[in-house]
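> Could you have a look at this structure, given as structure tokens, before my questions?
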Amino acid sequence: MNSMTDRYLAATLRAAPAPRRAEIATELRAAIEDMIEDRTGAGQDPATAERAVLTELGHPERLAARYADRRLQLIGPAYYLVWQRVLRGLLTVVPALVGVVVGVLKATVGDQPGAAIGAGIAAAFQTGVQIAFWVTVSFAVLERTNAAPDLPEWTVDQLPEGPAERDVTLTDACASIALVLLLLAFLPWQHFQSWVADTDGRRVPILDPALWRSWLPVLVVLLVATLALEVAKYRTGRWTWRLVAVNAALDLAFAAAVSWLLLTDRLLNPDLVARVDWLREGGVGTVARTAVVVVAAITVWDLMESVVKARRHRP
Amino acid sequence: MVSEEILRTHLQELRRGTVVVASLVALRRPDYGYALLQRLAGHGFGVDANTLYPLLRRLEEQGLLTSEWNTEESRPRKFYRTSADGETVLGRLLAELAAVQVSVTGLIEGVDR
């Protein structure tokens, strides 16, 4: 017997339904031999004929799957949408939540504010991977057991309410909130974990520590208010003129405060400036001017975007 | 110009169900897998071997075909034959095929008028 046919049969039967394996083997072997015979009868040499026939039959596991009437997919159309919804729902909320909680615990209970951001990001990432893995595994098992719990049929009542085009998607809102949280986290981080150390190895804060008793709390309040605005905007689903006004007030207040601090040389820690050569030799001015331009650009962009989106929805 | 790829997919879709009909008709006269494949090919039903063999087995499991081993020839062969149930299903399928043809004809003529 030809070894290649034997190997093909073995590979197919390994994945074929067990109770009928022997029968499939006999039938498939006869069929392969018939097909080879047909080709050699037409003048092909046996080895080439065998190769061609087995190639025609294709991947052994695909053939076996056809015998078993098994679909070659991890999650089929019956479960795909539910899987996607569950996964999306969990991934937008849980990892960020876990990351923030872990970060806060690390900074407070663990008393390591410097390591908080890294720990939070790592925890969020791990949580995301775990969620994706277990949800997918559950659905893949469900797909294979056929133990289909009756999924609720879709009805028109499930159509989303409000305007068809939602201007503020959950993803947008999450991204904005994450950005503000990062900015908030930066304030303690730069204080405890800046990259510049003094001669005793202690970290030198980037921003002037004196500001903690004057302007920094104001900035924190503005940022927290921005968080509240993002939540309110998501709940409304779109920009309203009232939201535009509040957003403009917050944006302008933040930009004005930061710009004024930058231009009057009050934002950066004088101790830091003294220790970094190029800052001391005039770099401070460059940093300040660049930062003011960037802040202004971001502010103008944000204001324009809010106005444009609010106009689009004018009743 | 429609691409070959698109055309082939549509033709494949159109042909898919007809393999079952063709097999049930052809197997009114008992035959084994490869011989059936050749007969179908001879009548213009180009079926892949890796589609037909599993299909025959599935039809048998559904009770639409019966089978019998023939060990008289050089190698053992499984002969399939359309069962009574298979004949009933075939009747419905042929009626459906005819109905589709009638509908299409009607539609074509309706458009022309």
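Any read-out appearing in this document is the output of simple, stated calculations on the displayed coordinates, not a laboratory observation. What you see is a predicted model; the values in this text were computed from it and never measured. No Cβ is skipped: glycine too gets one built from the backbone with ideal geometry, and neighbour counts run over all protein chains shown.
> Per residue of B:46-58, what is the mean number of Cβ atoms on other protein chains within 10 angstrom of that residue's Cβ?
5
> Subtract the Cα-Cα distance of A:GLN73 and A:THR48 from 0.36 nm times their separation in residues, and report this length gain in nm to one decimal.
5.7 nm is the gain from fully extending A:GLN73 to A:THR48.
> Can you compute the FRET efficiency between A:THR26 and B:MET1 using 1/(1 + (r/R0)^6), with r the Cβ-Cβ distance and R0 = 60 Å? Round to the nearest 0.05.
According to the calculation, E is roughly 0.80.
> So, R0 is 22 Å and r is the distance between the beta-carbons of A:VAL104 and A:ARG203; what FRET efficiency does that work out to, to 0.05?
With a Förster radius of 22 Å, E is 0.60.
> Length gain on complete extension for the stretch A:THR136 to A:LEU91, per 0.36 nm per residue less the alpha carbon to alpha carbon distance?
That works out to 14.9 nm of additional length.
> Just tell me how shielded A:28-37 is by partners: mean number of partner chain Cβ atoms within 10 Å of each residue's Cβ, no decimals.
Taking the mean over all residues of the peptide, I get 5.
> Another question about this same structure. Among B:VAL47, B:VAL20, B:LEU7, flag the residue with its Cα farthest along the positive direction of the charge dipole of segment B:1-64, charges on Cβ as +1 for Lys/Arg and -1 for Asp/Glu.
Farthest towards the positive end: B:VAL20.
> Excluding same-chain residues fewer than 8 positions from A:LYS309, which lysines have a Cα within less than 23 Å of its Cα?
A:LYS233
> Based on Cβ point charges of +1 for Lys and Arg and -1 for Asp and Glu, what charge dipole magnitude is obtained for the protein assembly as shown about its Cα centre, in debye rounded to the nearest 20?
Computed about the Cα centre, the dipole is about 820 debye.
> Now, a different point. Using a Gaussian network model on chain A with a 10 Å cutoff between Cα atoms, which of A:ASP172, A:ASP200, A:ASP271 fluctuates the most?
Its mean-square fluctuation being the largest, the pick is A:ASP200.
> Could you give the length gained on full extension between A:VAL294 and A:ALA175, defined as 0.36 nm per residue of separation minus the Cα-Cα distance, in nm?
Net length gain for the segment: 40.9 nm.
> For the pair A:VAL287 and A:ALA249, what calculated FRET efficiency results from E = 1/(1 + (r/R0)^6), where r is the Cβ-Cβ distance and R0 = 41 Å, to the nearest 0.05?
After rounding, the FRET efficiency stands at 0.90.
> Give me Rg/Rg_expected for segment A:178-254, where Rg uses Cα atoms only and Rg_expected = 2.2 N^0.38 Å with N residues.
Rounded to two decimals, the normalised Rg is 1.41.
> Using the Kyte-Doolittle scale, which helices in chain A average at least -0.5 and also have C-alpha atoms spread 18 Å or more along the helix axis, with helices defined as whole DSSP H runs?
A:21-41, A:77-108, A:113-145, A:170-192, A:215-236, A:241-263, A:284-312
> To the nearest 20 Debye, how big is the dipole of segment B:1-95 about its Cα centre, given +1 on the beta carbon of each Lys and Arg and -1 on that of each Asp and Glu?
So the magnitude is around 100 debye.
> Quick one: if you stick a label point 7 Å off each Cα along the C-beta vector at B:VAL100 and A:PHE186, how many nm between them?
Taking the simple label geometry, B:VAL100 and A:PHE186 are separated by 6.3 nm.
> Which one of A:THR92, A:TYR80, A:ALA31 has its Cα pushed farthest toward the positive end of the charge dipole of segment A:1-148, where Lys and Arg give +1 and Asp and Glu give -1 at the Cβ?
Farthest towards the positive end: A:THR92.
> Let me ask something else about it. Calculate the mean, over all residues of peptide A:62-68, of how many other protein chain Cβ atoms lie within 10 angstrom of the residue's Cβ.
Whole-number average of other-chain Cβ neighbours for A:62-68 is 4.
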